[in-house]
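This report concerns only the one structure given below.
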Amino acid sequence: MSEWQEISLHDIKDIRIGHAQDEEHATGCSVIICEKKAVCGVDVRGGGPASRETELLRPTASNDGIHGLLLSGGSAYGLEAAGGVMKYLEEHKIGLKVGKSLVPIVVGSCIFDLGCVDDQVRPDAAMGYAACVDSENNLERNGNVGAGMGATVGKIRGDNFAMKSGLGCYAVQTGRLQVGAIVVVNAIGDVFEIDSNHQLAGLLNVKKDGMVSSEQEAVKLLQIASKFSFNTTIGTIVTNAALDKTQMNKVAAMASNGLARTIRPLNTSMDGDSIYALATGKIKSSPDVVGTLAAYVLGKAVNRAVLETEEKYGYKAARSFL
């Protein structure tokens with residue numbers, strides 16, 4: 001990997017990232033602001049996504065870019081936070097001119113974190129707006145922050161054997177090309193290190209002093225597992241490449257391979273797994289090159305989401321076993 005230099009996700013220009021959260025009630029949201037508009041694609045592989053405006057990202061749709069992207073807790077209720085993002089963008093005169101009106105284009109997806117602490121408290125428009133204000137600081141944070149506040153993994157046997165997860169960022173640069181990822185890991189399965197295949201987090205054993213395989217348990221407990229619907233890994237790739245919407249949809253699809261390399265099981269009918277891909281449109285590159293890097297940085301971001309998360313709400317974390 002020496003040809004790829006690790007950088008901060010915030011080194012990629014023309015985006016800002018912000019977070020807001022309710023720590024007491026274990027939920028939150030994260031936003032990516034694209035003041036100059038960014039070309040966006042999406043890859044949805046989970047069977048139960050909670051999403052907003054993803055139809056605009058199809059190659060056949062006329063939309064040519066977005067101004068904001070929301071990653072939120074709260075399941076479908078959390079989509080309300082997008083209203084706050086739109087309000088912030090409108091106040092800052094960022095959006096698509098439609099006649100005399102200005103319409104910010106905001107897409108987004110949510111994780112199911114309602115069972116973590118309190119299912120009656122969810123991200124709302126005020127929290128979405130607060131995350132936008134926080135984006136003005138544009139500070140990189142990982143773990144228990146924003147949309148990762150109520151994230152957990154290893155839930156095939158329920159919350160009693162699950163572990164704490166969160167939000168992770170990772171980015172690389174090769175030449176002038178930059179590719180990064182931000183992801184919220186809320187998987188029913190286990191998380192593995194992308195470089196070594198070592199299990200980092202997931203399903204706890206009966207004594208809760210180690211981990212076992214969620215894949216094996218999924219086969220044993222198929223009927224029980226089918227009752228769970230608390231799972232979704234959502235995130236986005238960000239690159240300074242100059243690619244169109246069709247190409248960015250391909251990048252998003254290739255990026256999802258990074259999830260397959262780090263989370264097992266994945267993309268079940270219980271999951272809402274969705275990956276977006278944003279291009280700020282500066283550097284010439286191939287979608288295959290960007291997609292290859294995207295899969296790697298997304299996998300590394302998944303790892304960071306569990307490694308930089310602390311024990312919270314009674315859940316053990318990966319660092320509990322390091």
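Just name the residue that is least open to solvent (accessible area, probe 1.4 Å) out of those in region 125-176 that are of a type in the set (Ser, Thr, Tyr) and not in a loop (DSSP other than H, G, I, E, B).
Filtering region 125-176 down to residues of a type in the set (Ser, Thr, Tyr) leaves 129, 135, 152, 165, 170, 174.
Right, trim to not in a loop (DSSP other than H, G, I, E, B) and you get 129, 152, 170, 174.
On the way: Tyr129: 67, Thr152: 8, Tyr170: 24, Thr174: 46 Å².
Looking at residues that are of a type in the set (Ser, Thr, Tyr) and not in a loop (DSSP other than H, G, I, E, B), I get Thr152.
Return yes when Val219 is of a type outside the set (Lys, Arg) and surrounded by fewer than 19 Cβ atoms within 10 Å (Cβ to Cβ) and no when it is not.
Yes: the conditions hold for Val219.
Do the conditions hold for Val153, that is, is it β-branched (Val, Ile, Thr), within 21 Å of Tyr313 (Cβ to Cβ) and touching a residue at least 60 places away in the same chain (Cβ under 8 Å)?
Yes; evaluated as a whole, the condition is true for this residue.
What tally of residues in region 32-62 results from selecting those that are open to solvent by 40 Å² or more (accessible area, probe 1.4 Å), farther than 14 Å from Ala252 by Cα and either assigned to a strand (DSSP E or B) or without any contact (Cβ under 8 Å) to a residue 12 or more places away in the chain (or both)?
The number of residues fulfilling the criteria is 8.
For Val183, state whether it is out of contact with any Pro (no Cβ under 6 Å at 6 or more places or on another chain) and over 30 Å from Glu217 (Cβ atoms).
No, not satisfied.
Just for region 281-306: of the residues that are in contact with a Lys or Arg (Cβ under 7 Å, 6 or more places away or on another chain) and open to solvent by 10 Å² or more (accessible area, probe 1.4 Å), which one is farthest from Ile182 (Cα to Cα)?
Among residues in region 281-306 that are in contact with a Lys or Arg (Cβ under 7 Å, 6 or more places away or on another chain) and open to solvent by 10 Å² or more (accessible area, probe 1.4 Å), the one farthest from Ile182 (Cα to Cα) is Ile283.
Looking only at residues that are assigned to a helix (DSSP H, G or I) and within 21 Å of Ala181 (Cα to Cα) in region 80-114, which one is farthest from the chain's Cα centre (by Cα)?
Val85
Take Asp14 and tell me if it is surrounded by fewer than 24 Cβ atoms within 10 Å (Cβ to Cβ), assigned to a loop (DSSP other than H, G, I, E, B) and not aliphatic (A, V, I, L, M).
Yes: the conditions hold for Asp14.
A quick yes/no check of all residues on (1) at pLDDT below 95; (2) among the aliphatic types (A, V, I, L, M); (3) in contact with a Cys (Cβ under 7 Å, 6 or more places away or on another chain):
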{"residue": "Thr152", "(1), (2), (3)": "no, no, yes"}
{"residue": "Gly158", "(1), (2), (3)": "yes, no, no"}
{"residue": "Lys164", "(1), (2), (3)": "no, no, no"}
{"residue": "Gly168", "(1), (2), (3)": "no, no, no"}
{"residue": "Asn197", "(1), (2), (3)": "yes, no, no"}
{"residue": "Val219", "(1), (2), (3)": "yes, yes, no"}
{"residue": "Lys227", "(1), (2), (3)": "yes, no, no"}
{"residue": "Thr236", "(1), (2), (3)": "no, no, no"}
{"residue": "Gln247", "(1), (2), (3)": "no, no, no"}
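With the structure loaded, tell me whether Ile7 is hydrophobic (A, V, I, L, M, F, W, C), crowded, with 20+ Cβ neighbours inside 10 Å and farther than 25 Å from Ser75 by Cβ or whether it fails that test. Steps first, answer last, please.
On the way: hydrophobic (A, V, I, L, M, F, W, C): yes; crowded, with 20+ Cβ neighbours inside 10 Å: no; farther than 25 Å from Ser75 by Cβ: yes.
So Ile7 does not fit the description; no.
The values are calculated or read from the model by the stated rules, or taken from the named source; none is laboratory data. The shown structure was predicted, so the numbers you read here are calculated from the model rather than taken from an experiment. As a convention, Cβ positions derive from the backbone with ideal geometry for all residues, glycine included, and neighbour counts pool all protein chains shown. Protein only, heavy atoms only, side chains kept; ligands, DNA and RNA dropped before computing areas. Shrake-Rupley method; radii C 1.70, N 1.55, O 1.52, S 1.80 Å.
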